[in-house]
1. Can you compute 3J(HN,Hα) from phi for each residue in the range 44-49, using the Karplus curve 6.51 cos²θ - 1.76 cosθ + 1.60 with θ = phi - 60°, rounded to whole Hz and x for Gly and Pro?
2. Enumerate the calculated ³J(HN,Hα) couplings along the range 25-30 in order (Karplus 6.51 cos²θ - 1.76 cosθ + 1.60, θ = phi - 60°), each rounded to whole Hz, writing x wherever the residue is Gly or Pro.
3. Would you calculate a helix-derived [θ] at 222 nm for the chain, using -39,500 (n - 2.57) for each DSSP H run of n ≥ 4 and dividing by the full residue count, to the nearest 500?
4. What number comes out for accessible area per residue over the chain if the probe is 1.4 Å? Units Å², please.
5. Give me the number: length gained by fully extending residue 70 to residue 10, i.e. 0.36 nm times residue separation minus the C-alpha to C-alpha distance, one decimal in nm.
6. Can you return the lysines within cross-link range of residue 18? Criterion is Cα-Cα under 18 Å, with same-chain partners fewer than 8 residues away left out.
7. Can you compute the charge dipole magnitude of the chain about its Cα centre, using +1 on each Lys and Arg Cβ and -1 on each Asp and Glu Cβ, nothing else charged? Give it in debye, rounded to the nearest 20.
8. So, with a 1.4 angstrom probe, what is the percent of accessible area on the chain that is carbon and sulfur?
Amino acid sequence: MKMTEEQALAMIKAALEKTTPGLSGKVTPEVHLIKDKVIDSLDSMNFLFELEQLHGGSLDAIDETFDDFRVVRLIEILQTA
C-alpha cells in the first residue's frame, strides 16, 4: 500500500527527532533540511540512516551521493519505495 504524504512527513519528522531532537516542528514539505538549517551536513547521514531504519529497509533513491534534502523530495522517495 502506498504511503500517504502525511505518513511520509510523519516518518521524516520522527527520523529528525532521533537525529536532532526538537527540530521537527520546523518541517513542512517546502523546507530544505540543509539550506534551511534544520540539520547540518554531518547530521544528514545520521538522518538518512534513521529514515531508512524507520522505513524498514534501504531506500533505492538514497545512496552515498544523495544530496537532495528537500522534504518534498524525501516524501516522494518514501511514497514510491
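The values are calculated or read from the model by the stated rules, or taken from the named source; none is laboratory data. These figures come from a predicted structure and were not determined experimentally. Methodologically, a virtual Cβ is constructed for each residue, glycine included, from the backbone with ideal geometry; neighbour enumeration extends over all protein chains shown. The protein model used for the area step is the full one, side chains on, heavy atoms only, and it has no ligands, DNA or RNA in it. Shrake-Rupley method; radii C 1.70, N 1.55, O 1.52, S 1.80 Å.
1. For the range 44-49, the Karplus curve yields 4, 5, 4, 4, 4, 4 Hz.
2. So the J values, rounded to whole Hz, are x, 7, 8, 9, x, 7.
3. That comes out to -15500 deg cm²/dmol.
4. Ligands and nucleic acids excluded, the figure is 60 Å² per residue.
5. Length gained between residue 70 and residue 10: 20.1 nm.
6. By straight Cα distance, residue 18 reaches 26, 37.
7. Dipole size: approximately 260 debye.
8. Exposed carbon and sulfur together represent 51 percent of the surface.
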